[in-house]
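The values are calculated or read from the model by the stated rules, or taken from the named source; none is laboratory data. Note that this is a predicted model, so its numbers are computed, not measured. Neighbour counts are summed over all protein chains in view; Cβ atoms, including those assigned to glycine, are modelled from backbone coordinates with ideal geometry.
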Amino acid sequence: MAIIITDECINCGACEPECPNTAIYEGGVTWSWGGGTELKSVELEDGNSIDGEDEQEPVSDEFYYIVPDKCTECIGFHEEPQCAAVCPVDCCVDDPDYRETEDELLAKKQWLHDE
């Protein structure tokens with residue numbers, strides 16, 4: 001599963017530099033698939049491809065957010081999700097809408113980092 005940042009976030013930014021996938025962004029900031037990954041292009045569910053550097057709409061305008069399709073819960077990098085480990089208000093929690101097995105998370109890590 002991915003991690004989600006709840007609305008209890010105090011916008012301290014401690015989580016952002018800890019993410020090995022660059023999946024965490026400040027509220028209102030656009031994101032890209034290629035940022036922090038090896039992805040040059042991404043095929044979307046509708047079959048279209050986009051450039052990895054194309055800017056995507058923010059998930060949240062109010063507080064830090066995690067792009068769930070870039071989150072691997074730090075599997076393959078660390079023992080635990082680093083965002084949750086450094087969050088001073090414990091607002092980085094499991095996202096019930098994104099359930100993935102360890103094998104799926106490892107495959108996502110490999111896809112993101114072209115290993």
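Please verify whether the range 31-41 includes one or more residues that are in contact with a strand residue (DSSP E or B) (Cβ under 7 Å, 6 or more places away or on another chain) and hydroxyl-bearing (Ser, Thr, Tyr).
Within the range 31-41, one or more residues are in contact with a strand residue (DSSP E or B) (Cβ under 7 Å, 6 or more places away or on another chain) and hydroxyl-bearing (Ser, Thr, Tyr).
Selection of first residues in the range 87-115 that are modelled with pLDDT of 95 or more and hydrophobic (A, V, I, L, M, F, W, C) and of second residues that are exposed (fewer than 11 other Cβ atoms within 10 Å of the Cβ) and in a loop (DSSP other than H, G, I, E, B), restricted to Cβ pairs under 8 Å at least 6 apart or on distinct chains, gives the following pairs, ordered by first then second residue: 91/7.
The single condition from (1) at pLDDT 95 or above; (2) hydrophobic (A, V, I, L, M, F, W, C); (3) out of contact with any Lys or Arg (no Cβ under 8 Å at 6 or more places or on another chain) that residue 23 fails is (3).
For the range 1-97, the strands (runs of 3 or more DSSP E) that sit wholly inside it and include 2 or more residues that are surrounded by 14 or more Cβ atoms within 10 Å (Cβ to Cβ) are 3-5, 92-94.
Among the residues of the range 64-86, those identified as modelled with pLDDT of 95 or more and on the phi > 0 side of the Ramachandran plot are 73, 74. Does residue 100 count as among the charged types (D, E, K, R), in a loop (DSSP other than H, G, I, E, B) and surrounded by 17 or more Cβ atoms within 10 Å (Cβ to Cβ)? Yes.
Among residues that are more than 13 Å from the chain's Cα centre (by Cα) and within 16 Å of residue 111 (Cβ to Cβ), residue 8 is not included.
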